Structure formats: C-alpha cells, structure tokens
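Here is the structure we will look at.
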Amino acid sequence: MDASDWFTLILAMYGAGVSTALAIKELGELRRRIKIILEYIAFEERARVRVINVGQRPITIREIGLSVYFIDGENKHWEDVPMDGKYSSLQDGDNLPKTIEDGEEIVLNLSEIIGGMLLNNNMNAKINIYDVEGHNYKKFERLIYDPKWGKYEKFRKRRL
C-alpha cells in the first residue's frame, strides 16, 4: 500500500465515524424526553410537581401517579395519593391529558396535606408519569425553591 491508499483508508474511516456519530445524535434528538422536578417552595409552605418537555418533540401526558412515604410511629409504608387528594388546584388548561411542546411545562400544585407529608418525610416520594404512547417516566429531582432570594437548591435529607 502506498501513501495515497493509506490516506484514502483513513479518510474513509473518518467519514464513517462522523456519519455514525451524527446518526446517533439525530436518533437521540428524536426521542421524547421529560424532566420531572418535585419541589418544595419555602415561605409558601407548599409542594409542586413540574413536568418539563426537554426533548424536541411534543409529548402528551396522560396521567401522573404519586406515592408518599408515610411514617406514623412504628408504621412505615408507601401510600398512594388518590387523584382528588393530590392537587390543591388545577387551573384551566392543566387538565390531563395535556400535550406539551418542547420547552413547555406542566406545574401541578400539591395539596397542603401532601406537601406537609413530603416535608416531614424527607421528600420521599414515587412519581410515575405516563404518556399516551404508554411510556412510564420515574426519574425525578428534588429541589427547594426560595422565592425570597429567587434560587433553587438541592433538597438535603434530614435525620428523622
């Protein structure tokens, strides 16, 4: 093999690598992705769930399931929150199912009772979000929002 054959081989391998990387990137962008945040708002003493579409395709949220870790003396268990006890209020346009475009979000304010249970139990919760295609999203982030200073911080567990 002479120098031109080596150059052609290296150029072909480079082209194949770049093409494969771009194909993987394109497929990743077509995937539907959401970010789920369970946040406690200080000073307002309430909790809420934010669902943000971080993908590049619209997604229709069909249902949001919530379970809270319940501690009552020696009795500790997961308690499913019924739909009618979950939210303090649903505004017009927040009824499910709802389609959110990329960059849009759904904010669901939780009732005072659920917010208190979450805060007293280190924000221990299970969130299951289902879309109309049957996908189940479970991964979420716990944050505390301080409206006085306008900042977010990670929730740090307290010893119970």
Can you name the number of the only condition in (1) of a type in the set (D, E, K, R); (2) open to solvent by less than 60 Å² (accessible area, probe 1.4 Å); (3) at pLDDT 90 or above that K138 fails? (2)
Filter segment 72-102 for residues that are part of a strand (DSSP E or B) and at pLDDT below 75; the one that is least open to solvent (accessible area, probe 1.4 Å) is Y87
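Any residue at all in segment 40-49 that's of a type in the set (D, E, K, R) and in a strand (DSSP E or B)? Full working, then the answer.
Within segment 40-49, the subset of a type in the set (D, E, K, R) is 44-46, 48.
If we keep only those that are in a strand (DSSP E or B) as well, we get 46, 48.
Within segment 40-49, one or more residues are of a type in the set (D, E, K, R) and in a strand (DSSP E or B).
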In segment 11-45, what count of residues is obtained for those that are under 30 Å from L96 (Cα atoms) and open to solvent by less than 70 Å² (accessible area, probe 1.4 Å)? 11
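The values are calculated or read from the model by the stated rules, or taken from the named source; none is laboratory data. Remember, predicted model here, so these are calculated numbers, not experimental data. All accessible areas refer to the heavy atoms of the entire protein, side chains included, with ligands and DNA or RNA removed. Shrake-Rupley method; radii C 1.70, N 1.55, O 1.52, S 1.80 Å.
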